[in-house]
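Presented below is the structure to which this report refers.
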Amino acid sequence: MSIDTATAAKVAKLARIRVEEDRLPALAEEFNTILGFIEQLGEVDVDNVEPMTSVTPQRLKRREDVVTDGNQQSAVLANAPDAREGFFAVPKVVE
Amino acid sequence: MSDLNKLGLAEARDALRKGETTSVALTEACLSEIDGAGALNAFVHNTPDLALEQAKAADARMSADAPSLNGLPLGIKDLFCTKGVASQAASRILEGFKPQYESTVTQNLFDAGAVMLGKLNMDEFAMGSSNETSVYGDAVNPWKIDDRKLTPGGSSGGSAAAVAADLCLAATGTDTGGSIRQPAALTGITGIKPTYGRCSRWGIIAFASSLDQAGPMTKSVRDAAIMLEAMCGHDPKDSTSVDLAVPDFEAALTGDIKGKKIGIPREYRMDGMPQEIEDLWAKGREMMQDAGAELVDISLPHTKYALPTYYVIAPAEASSNLARYDGVRFGHRAKLDQGDGITEMYEKTRAEGFGDEVQRRVMVGTYVLSAGFYDAYYNRARKVRTLIKKDFEDVFAQGIDGILTPATPSAAFGLGEMADADPVQMYLNDVFTVTVNLAGLPGISVPAGLDANGLPLGLQLIGRPWEESDLLNLAYALEDRAGFVAKPSKWW
C-alpha cells in the first residue's frame, strides 16, 4: 500500500481542506509514514473479536421525549461569522 | 503569609478556613506571578477581573463548611468552554469564539467555589505531545538546564507549566492519549486521568470522544484527590457520563497499601529505553515494596499495538468531530474570492484555520474511514482495542490492584528539537500512557525523581475502572516514598 499524490488530493477534498498542488507530494509521504506505522495492526489475530463500541459496558440512559431547551436564537447566532435577519449567512449554495 | 501562589490546594484550603489568608490575597498573588511569567507562555487568556470577583464572593461565603474549593485560584485549559471567555482550543479556527455556555466540569469547579485565573496554552485541539502545535506559540517548561527552552509536554503543556511554576494552585487538563500524565511527568507535578465516564465531556471541545477525559493537574496527590472529586459527577448532558456516586477521594488517602498487588508489565520494557527510565522504574518498584505492596510480573501482550490502534481511532474520531469547523456557525471564516461557493468557503476556511498537525490527523482520519479502507483500518483497530482492554481485564481478574510503569520514555526535550522528525517519532511520547485511554482506565502520573541533568521524571500507576480511590491511595504511598520536593529555579 502506498499513497500517491492523487490519493492525497482526494483525501484532502473529502476532508474539505484546501491543499496546494505543490504540497501534495510531501503530504502523501507523511500519510505513508503514518499508515506504514498503522500497518502493523495487520499482524494481530482479530478473528472472532468484536470491534469495541463502548469502552465502559453501560446502557445509554433514556429520558422523556420532551423539549428541554430552546428559544435561544441570539445565543446560537452570537458567534457566527455572518448572521443576518436571525439566520446564519453563507455564500450562494444553489445555482 | 508569603508566597501564597506556592501553596497547594489542601494547604490553601486549610489556611482559608482558619482565616490565615483570604481568597483575594491568594488570587492577587497568582495574578501577579502570571504577569511576570510571560516567558512561559502558559496563560493565554487572562481573566483577572472575573478572578477577583469570584475571590470576593468566595471570601464572603468562607466558613468551616464552605465548598471544597472555596476561594482557590485555578487555571483552566483552553479546551474547556467557559461562558463569555475566549475558548479556542489553541486553534486559529476558533479565533474570537466566546461560548454562550459553561462546560460541566468548569461549572462543577465554580459550584465548589473555585476561582478562574484564565485560560491555559495547549496543543491545537489537544493534538500534540510538546505544546508546539498551538496557535499561541509554544508553552515553555519552567525547568531549564542550559540555554535551551524545554517543552512542558502536551497537550496540556500550559497547564503543566503553570502549576510547576506556581502561577496557580492547580489546573484542569484533558487526556486523550496521555495529555495530562505526560506533561505532568515532564514538569514534576501530579496528574490523573480518571476512568472514562467519570468527568462529563459536555462543553469540552471534542478531539476523540471515546478517549477524551478531563482531570486535575496539581502539586500533590492529595490536591489531585480534592480537585478530581469536585470535577466528577453524573451529567445528563453527556450520555457517556456514568451515573455512579463520587467517592470521598481525599478520605481514601491512608497511605496503607499493605498486601496490594502491583503488576509490573514486561511489555513496558521497551527496546532502546534510556537507562535512567529503567532505573527510575526499578526505584519505583522498591518504593511500592517498601510501602508493603507485593510486586507481580504480569503480561499485557497487545501493548505494542496500542499506539498504532490509537493513531487510527483518534484521527477517525477527530475527522468526524472537527467537521463542525466549517466557517458557518462560529470561529474563523476565510475571505472569499469572487465566484467562490460554499465548498470553497469550507476548504479555504479549514486550510487557514487548522494547523499542520490537525490537518494531517483530520486527513488520516478521513482516509481510514473512507469506503474501501474502513474495514482494513478502522474496524481492525476497534477489534485490537477490544484485545487491549481484555489484557487489562485479565490481569485485574488475577487480583492485580494497580500497575506500575514509567510515565514517559524520556525527560523533557528541547522545543524545536523534534521539528525534523517524522510525525510518528513524536507519537512515541505517549507509548506508556495511551493504553490506558484505549482501555478507559484511570491512570496517574507521580513525580518520582530527577534525571542526571536534573530534570523531573514521573512514574505512572494504572488502576481498576471506577477505583480512583484505591489508585489515589497507591499514588499517595508512592509520593510519600519518592519524597519529590525539587522545584524549578525561577529564570522567567
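We did not get these values from a lab; they are worked out from the coordinates using the rules stated. Computed from a prediction, not measured in an experiment: that's the story for all the values here. Cβ coordinates were reconstructed from backbone atoms using ideal geometry, including for glycine residues, and neighbour counts include every protein chain displayed.
Details
- Label-to-label distance, nm, for residues given as B:GLU20 and B:SER320 (7 Å Cα→Cβ offset): 5.1
- Cα-projected label distance for B:ASP297 with A:VAL93, points at 7 Å along beta-carbon direction, nm: 6.3
- Residue exposure sequence - B:TRP281, B:TRP491 - by fewest surrounding Cβ within 10 Å: B:TRP491, B:TRP281
- Cα centroid separation, the stretch B:337-382 to the stretch A:1-36 (Å): 10
- All other residues whose Cβ lies under 15 angstrom from that of B:ASN41 are scored, Lys and Arg at +1 and Asp and Glu at -1, for a net of -3.
- Exceeding the 31 Å Cα-Cα cut-off - candidates B:LYS237/B:LYS490; B:LYS193/B:LYS304; B:LYS149/B:LYS390; B:LYS237/B:LYS258; A:LYS10/B:LYS77: B:LYS237/B:LYS490; B:LYS149/B:LYS390; B:LYS237/B:LYS258; A:LYS10/B:LYS77
- Chain B: calculated mean residue ellipticity at 222 nm from DSSP helix runs of at least 4, using -39500 (n - 2.57): -10500 deg cm²/dmol
- Think of it as helices only: each DSSP H run of n ≥ 4 in chain A is worth -39500 (n - 2.57), and spread over all residues that comes to -9500 deg cm²/dmol at 222 nm.
- When each of B:LYS56, B:LYS335 is scored by the number of other beta-carbon atoms lying within 10 Å, the sequence from fewest to most is B:LYS335, B:LYS56.
- Estimated translational D of the stretch B:1-81 in µm²/s (Stokes, Kirkwood radius over Cα pairs; 20 °C; 1.002 mPa s): 163
- Summary of the geometry: the stretch B:410-465 and the stretch B:307-330, compared by the centres of their Cα atoms, lie 23 Å apart.
- Across the stretch B:4-258, the fraction of Cα-Cα pairs farther apart than 23 Å, rounded to a whole number, is 44%.
- Tensor-based shape of the stretch A:14-95 (alpha-carbon gyration tensor, a/c under 1.5 rounded, otherwise prolate or oblate): oblate
- Modelled spin labels at B:LYS283 and B:GLN425, positioned 7 Å past Cα toward Cβ, are 2.8 nm from each other.
- Calculated over the stretch B:77-155, the projected area of the Cα convex hull averaged across directions stands at 5.9 nm².
- With R₀ set to 30 Å, the beta-carbon distance separating B:LYS335 from B:HIS45 gives a calculated FRET efficiency near 0.75.
- FRET efficiency estimate (nearest 0.05) - Cβ-Cβ, B:ASP356 to B:SER489, R0 35 angstrom: 0.55
- Most to least packed among B:418-428, B:461-471 [average Cβ atoms within 10 Å]: B:461-471, B:418-428
- Reciprocal of mean inverse Cα separation for the protein assembly as shown (Kirkwood radius, Å): 24.2
- The value of relative contact order for the stretch B:54-109, using C-alpha pairs under 8 Å at least six residues apart, is 26 percent.
- Charge context of B:ASP401, other residues only, Cβ under 12 angstrom, K/R +1, D/E -1: +1
- A simple count of charges around B:ARG266, restricted to other residues whose Cβ falls under 15 Å of its Cβ and scoring Lys, Arg +1 and Asp, Glu -1, yields -3.
- With the convex hull drawn around the C-alpha atoms of chain B, the volume per residue stands at 143 Å³.
- Loop-located trypsin sites (Lys or Arg not before Pro) across the stretch A:1-81 with a Cβ neighbour count of 14 or fewer within 10 Å are A:ARG59, A:LYS61, A:ARG62, A:ARG63, with loop assigned by DSSP.
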